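As structure tokens, the structure follows; a few thoughts come after it.
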Amino acid sequence: MLFKLVLLYLWVHWVNQGSDFVTGRSGNVTSGTVFVNGTASIGKTDDNFICATLDWWAPNKCDYGTCSWERASLLNLDLSNPIWLNAIKAFSPLKIRMGGTLQDKVIYETKDDKSPCAPFVKNSSEMFGFSKGCLPMSRWDQLNVFFKKAGAMVVFGLNALSGKTIGSDGSATGAWNSSNAESLIRYTVNKGYSIHGWELGNELCGTGVGAKVAPDQYASDVKSLENIVQNIYRGFEVKPLVIAPGGFIDTNWFAQFIQRTPKSLQVVTQHIYSLGPGNDNQLINNILDPSYLDGGAQPFRDLEAILKNSATPAVAWVGEAGGAYNSGQNLVTNSFVNAFWYLGQLGMASSYDTKTYCRQTLIGGNYGLLDTATFVPNPDYYGALLWHRLMGSNVLSTSFSGTTGVRAYAHCSKQSQGISLLLINFNANISVNVRVVTEGEQAPRIKLGNTSREEYHFTAKDENLHSQKVVLNGKILALNSSGGIPPNDRSNYCCSFLLCIFSYFKYNTSCLYQLNFFSVNFHSKAKTK
């Protein structure tokens, strides 16, 4: 049996053949052991676990005196930019969730809607600070043609406030008026556009953001959407997913809602902004504090428990997660340091059986995977791409002993049999000598020593945690002259995109292990021995 062990490190560096160092800034060294149980999975993600969002915000959407959205809206994004196309195609496929705060104020310009198709206009007296806006069908056509070309899997968020009356306390009452959404869905099917899922509403659950809908009414509205989907897609072998509620988890609200939608809902989405507001001057300290980040596990744990204790077959997604809300913080949530939060979130979410994780945003604000002005990938784009290419869907039980500053997550590897391991070292001043121990059917509790390794050393340019450029195995990651990102072929990925390092050894069993190291180091001058 062939196994593969893929080690993805944050702030780490491999230094010898017998064990592995995850390094800090000083010469202080301690030891630790990673134990991975490969006999059974504790969860399973979608094969396309990585997802990113596109939002509706206009250029004059500003937070804390900074307007960071430019032309990154669904309504004005430059779909002809070659970097944009290549960045999506590199995932083959990438899930894209189109939605956000303003989605519940969008009108769809269909033949059944007679009102003028006007854009969003900034208005401080309106909910969310903007008037209602309109999605022209010409733009809907452009988006769908582009996403088909890019090979994206599209999830679209529908206006759940249509037809509702909003009270002084924010309560939205009355049934969902689905007529405009139904017209959009019929138009979409008639044009032959492929939609992976239709999501109803944005952050209207629990206490809501701007407005809130009671769980029984929301469940009724979701049933209406399910009936529309079943009717319009009648005869289709595969129908789009029905997704809701797209908001922050409130355990009582979610439990009631899920109880009332046992057959009409396929995906339950929650939003994650565990780092707080984008203007928090402690943002970096929070990102680099493992105990702070550990607190972010509670929403995953809560939703997993609710789903397990209910009769629903629905699964959990993170429908939107930007870390710091209100557009993030420039040179933090779009820089190298954010990888500690983002890759940790991917590992944590998957360990609680989350099937998909949608990053806010693919482009837009100060938390985009791509730079809002230039479309050039930010560091987290490359982190997401490496995860997508290396980490498989089966999640394994993993533990680390020896220091409280290391976090470990393991999956079966994606492209062949074996194990992929993510290690994150939050010890800025301590290097950790790591021993990896596995348990499997043929080789119970084997210590990994003599193996073949594939190494990915990921560092900040100029040793600057605020850098928006990353160095991989001594080379700055950069697009080619035509804005291209390396293809998904493993040999090309290693040989043209990375400097790959291999060492081959033998085992005392018939099993052969290959270790692939993706290491994210603070010290860009670190050398591989």
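For residue 256 and residue 33, the difference between the fully extended length at 0.36 nm per residue and the C-alpha to C-alpha distance is 76.1 nm. DSSP beta bridges confined to region 45-391 are antiparallel in about 10 percent of cases. Along the axis of the charge dipole computed for region 155-294 (Cβ charges of +1 for Lys and Arg, -1 for Asp and Glu, origin at the Cα centre), the listed residues 248, 220, 267 are led at the positive end by 220. With the simple model of a label 7 Å out from the Cα in the direction of the Cβ, residue 282 to residue 60 spans 3.6 nm. Between the amide H of residue 107 and those of 133, 134, 135, distances stay under 5 Å, these residues lying 5 or more places away or on another chain, with hydrogens modeled in the peptide plane. Applying a threshold of 29 Å to the alpha-carbon distances of 223/414; 122/223; 44/239 flags 223/414; 122/223 as lying beyond it.
Which of the three applies to region 45-391, rounded, prolate or oblate, going by the alpha-carbon gyration tensor with a ≥ b ≥ c and a/c under 1.5 meaning rounded? Note, shape of region 45-391 comes out rounded.
What FRET efficiency comes out for the pair residue 461/residue 47, r = Cβ-Cβ distance, R0 = 35 Å, nearest 0.05? With R0 = 35 Å, the Cβ-Cβ based efficiency is 0.65.
No lab work stands behind these numbers, since they all come straight from the coordinates. In this text the structure is predicted, and so the values were computed from the model without any measurement. Note that we place each Cβ from the backbone using ideal geometry, even for glycine, and neighbour counts take in every protein chain shown.
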